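Working notes, structure below.
The values are calculated or read from the model by the stated rules, or taken from the named source; none is laboratory data. Predicted model, so just to flag it, every value in this text is computed and none were measured. Each accessible area value is taken on the protein alone, full model and side chains, heavy atoms only, with ligands, DNA and RNA left out. Shrake-Rupley method; radii C 1.70, N 1.55, O 1.52, S 1.80 Å.
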Amino acid sequence: PCLSPLFCARFGWRNADKDILSCASCNSALAIITLDSSKLSTNSLEKLCSVYRSKVVSNHTDTCPFRLSGPKFQEQIENDQQQGLIV
């Protein structure tokens, strides 16, 4: 999956309701619409996943500690994924 529970939790998100994440620190909300991935092209699915991952990092209030540390942490995760250290 492009957004695992672990990935979301690393950026402070918890499941608040069906398709809704909530930040444990700043209480921002994020709607993640689940789609049937078999109906999307590989390119479209990759773009959608990229947008969602970006929102998980940046959709916090300006003073939220998860927003402030998010971009550096996301870069490390992406590097680890490329090296096959995490899926």
Self-check item: Residues of region 26-70: accessible area per residue with a 1.4 Å probe, Å²
Solution: 65
Quiz prompt | Accessible-area ranking of ASP36, ASP19, largest first, probe 1.4 Å | solution = ASP36, ASP19
